[in-house]
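Participant: One structure is given below, represented as structure tokens, and several questions about it will come after.
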Amino acid sequence: MTRKTSLSRFGVSLEGDLLERFDAYIASEGYDNRSKAIADLIRKEFVSDDFKKGAIVAGAVTLVYDHHRREVVNRLMDIQHDHGGIIISSQHVHLDHDNCLEIIAVKGRGAEVKLLADALKSVKGVKHATLSVTSAGK
Ligand code: NI
């Protein structure tokens, strides 16, 4: 971070049962104070908004597939080469005798990231795929 931000305080009025549910929720998520939980929820909304509006986001595509199906491996490789501009790195883990886990770190516009994730997950033979999007830090 190059820019310092000062903290501002503000009051929030909530219905009692909503606050009760919020406190229970943040406790179950491991928060020990409301400020950090509220800030994280706000940032989560902003990440979602950035994604929709085409701002630069960072994220990870996670894939599980059986490497014995050679055409799957080749297809996944082709797709990644086609989207090389937004792929930062990838990690391959041999989960067991059959299954591979691949974690592909990406940074790019929301629509580009989604296009890549959709292309990878739709490859026949991919057993599970997720896209996790986070802020690019701006
Ligand atoms: Ni493997």
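Participant: Hey, with R₀ at 41 Å, roughly what FRET efficiency would TYR31 and ASN99 work out to, going by the Cβ-Cβ distance, to 0.05? Write out the running numbers ahead of the final one.
Facilitator: On the way: r = 34 Å, r/R0 = 0.84.
Computed FRET efficiency for TYR31 and ASN99: 0.75.
Participant: Sticking with this structure for a sec: Against the longest principal axis of the chain, how steep is helix 34-53, in degrees 0 to 90 to the nearest 10, with axes from Cα atoms?
Facilitator: 50 degrees
Participant: Kindly state, to the nearest 0.05, the FRET efficiency for LEU18 paired with SER89, given R0 = 41 Å and r defined as their beta-carbon distance. Don't jump to the answer; show the numbers that get you there.
Facilitator: Details: r = 42 Å, r/R0 = 1.01.
FRET efficiency, LEU18 to SER89: 0.50.
Participant: Count the net charge of all other residues whose Cβ sits under 15 Å from the Cβ of HIS97, scoring Lys and Arg as +1 and Asp and Glu as -1. List each step's numbers first, then the result.
Facilitator: On the way: positive: ARG69, LYS127; negative: ASP66, ASP96, ASP98.
Taking every Cβ under 15 Å from that of HIS97, the sum is -1.
Participant: Can you check what the net charge comes to around LEU41, using other residues whose Cβ is under 12 Å from the Cβ of LEU41 (Lys, Arg +1; Asp, Glu -1)?
Facilitator: Values: positive: ARG34, LYS36, ARG43, LYS44; negative: GLU29, ASP40, GLU45.
The answer is +1.
Participant: Once you list every other residue whose beta carbon is under 14 Å from the beta carbon of ASP23, what net charge do they have if Lys and Arg are +1 and Asp and Glu are -1?
Facilitator: Working: positive: ARG21, ARG34, LYS36; negative: GLU15, ASP17, GLU20, GLU29, ASP32.
Every neighbour counted, the sum reads -2.
Participant: A further question follows. Please compute the Cα-Cα pair-distance distribution of the chain with 10 Å bins starting at 0, giving whole percents from short to long.
Facilitator: 11, 31, 25, 21, 11, 2
Participant: For the chain, what does -39500 (n - 2.57) per DSSP helix run (n ≥ 4), summed and divided by total residues, give at 222 nm, in deg cm²/dmol to the nearest 500? Could the numbers behind the result be given before it?
Facilitator: Working: 4 runs with 58 residues, N = 138.
The helix contribution divided over the chain gives -13500 deg cm²/dmol.
Participant: Tilt of helix 16-28 relative to the longest C-alpha principal axis of the chain, in degrees (0 to 90, nearest 10)?
Facilitator: Helix 16-28 sits roughly 40 degrees off the main axis of the chain.
Participant: No solvent, one uniform scatterer per C-alpha: report log10 I(q)/I(0) for segment 6-85 via the Debye equation at q = 0.11, 0.12, 0.21 1/Å, two decimals.
Facilitator: After summing over all Cα pairs, the log10 values are -0.58, -0.65, -1.07.
Participant: Okay, moving on. Helix 70-82 sits at what angle to the longest principal axis of the chain, using alpha carbons and giving 0 to 90 degrees rounded to 10?
Facilitator: The helix 70-82 is inclined about 60 degrees to the chain.
Participant: Just flag the GluC sites (Glu not before Pro) in segment 3-65 sitting in loop per DSSP whose Cβ has no more than 12 other Cβ atoms within 10 Å. Write down the numbers at each step before the final one.
Facilitator: Working: sites: GLU15, GLU20, GLU29, GLU45; in loops: GLU15, GLU29.
Of the GluC sites (Glu not before Pro), the ones in loops of segment 3-65 whose Cβ has at most 12 other Cβ atoms within 10 Å are GLU15, GLU29.
Read-outs: derived from the displayed coordinates by stated rules, not from any lab. This one's a predicted model, so the numbers in the text were calculated from it and none came from an experiment. Glycine also receives a Cβ, built like all others from the backbone with ideal geometry; neighbour counts cover every protein chain displayed.
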